[in-house]
Amino acid sequence: MSETRSDGELLRAVAADADRRAFEELYRRYAPWLRARLRGRCADVGVVDDVVQETFLAVWRGKARYREEGDVAGWLWRIGSRRLVDSLRGDGARGRLRQALARLRHRDEVSAEERVLAGVEHGDLAGALVRLSPELRAVLQATVIDGLSTREAAVLLGIPPGTVKTRAMRARKQLREALA
């Protein structure tokens, strides 16, 4: 018969030795409880399951450190509840972004910005825009015309935020040179 290890022993084994069995025992001990608590805050089972996984991944990867103060359940709850808030905030932003894109796709009337981009008005600017690569134009469309933040544009375009910034700088430089 194996002896049952305390929560502290399990966490020390996970942190010090990456002990998979200790981690699995900790998961079996607390994941159902954490899932039930999070379900009280969020009705979306998929989001709750993701948050539970992210919580335990943070423990496994050592991103969350237990300081041996208080109980492990409370510590896990703090991690999980913060991750749930982060997840819901992110989903809210993604939802707003999806709605904005849907509005852009289903407009009947062409906006002034779209006419400029299409070359209907301001020939010099239109020509300069047309000469930009599609990647640079997409960044300008997202950040200047659509008014998205760098982070939102990165999500929309599927590229890192740093790449959005770099492409925006390159596009502005090329436009300045073309219009000078």
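The values are calculated or read from the model by the stated rules, or taken from the named source; none is laboratory data. Note that the coordinates shown come from a computational prediction; the quantities given were computed from them, not determined experimentally. Heads up, the Cβs are rebuilt from the backbone with ideal geometry, glycines too, and the neighbour counts pull from every protein chain shown. SASA here: full protein model, heavy atoms, side chains in, ligands and nucleic acids out. Shrake-Rupley method; radii C 1.70, N 1.55, O 1.52, S 1.80 Å.
Out of all the residues in the stretch 105-115, is one or more under 19 Å from Leu179 (Cα atoms), modelled with pLDDT of 60 or more and surrounded by fewer than 15 Cβ atoms within 10 Å (Cβ to Cβ)?
No, because not a single residue in the stretch 105-115 is under 19 Å from Leu179 (Cα atoms), modelled with pLDDT of 60 or more and surrounded by fewer than 15 Cβ atoms within 10 Å (Cβ to Cβ).
Of the residues Glu135, Glu152, which is in contact with a Leu (Cβ under 9 Å, 6 or more places away or on another chain) and buried (at least 16 other Cβ atoms within 10 Å of the Cβ)?
Exactly one of Glu135, Glu152 is in contact with a Leu (Cβ under 9 Å, 6 or more places away or on another chain) and buried (at least 16 other Cβ atoms within 10 Å of the Cβ), namely Glu152.
State the number of residues belonging to the stretch 10-20 that are part of a helix (DSSP H, G or I) and surrounded by 13 or more Cβ atoms within 10 Å (Cβ to Cβ). Before the answer, list the steps.
We begin by selecting, within the stretch 10-20, every residue part of a helix (DSSP H, G or I); these are 10-17, 20.
Then keep just the ones that are surrounded by 13 or more Cβ atoms within 10 Å (Cβ to Cβ); that gives 10-15.
Total meeting the criteria: 6.
Are there any pairs, at least 6 apart or on different chains, whose C-beta atoms fall under 7 Å, with the first in the stretch 9-31 and under 16 Å from Gly80 (Cα atoms) and the second open to solvent by less than 40 Å² (accessible area, probe 1.4 Å) and aromatic (Phe, Trp, Tyr), and if so, which?
Cβ pairs passing all conditions: Tyr27/Phe56; Ala31/Phe56.
Could you give every pair whose Cβ atoms fall below 7 Å, whose first residue belongs to the stretch 158-180 and is within 16 Å of Val144 (Cβ to Cβ), and whose second residue is of a type in the set (Asp, Glu) and part of a helix (DSSP H, G or I), counting only separations of at least 6 or pairs across chains?
These pairs meet every condition: Arg167/Glu135; Leu179/Asp124.
Say we look at the stretch 32-41 and pick out the residues that are in contact (Cβ under 8 Å) with a residue 40 or more places away in the chain and among the charged types (D, E, K, R); which of these is least open to solvent (accessible area, probe 1.4 Å)?
Narrowing the stretch 32-41 to residues in contact (Cβ under 8 Å) with a residue 40 or more places away in the chain: 33-34, 37-38, 41.
Within this subset, residues satisfying the condition of being among the charged types (D, E, K, R) are 37, 41.
Values: Arg37: 99, Arg41: 159 Å².
Only one residue fits best here, namely Arg37.
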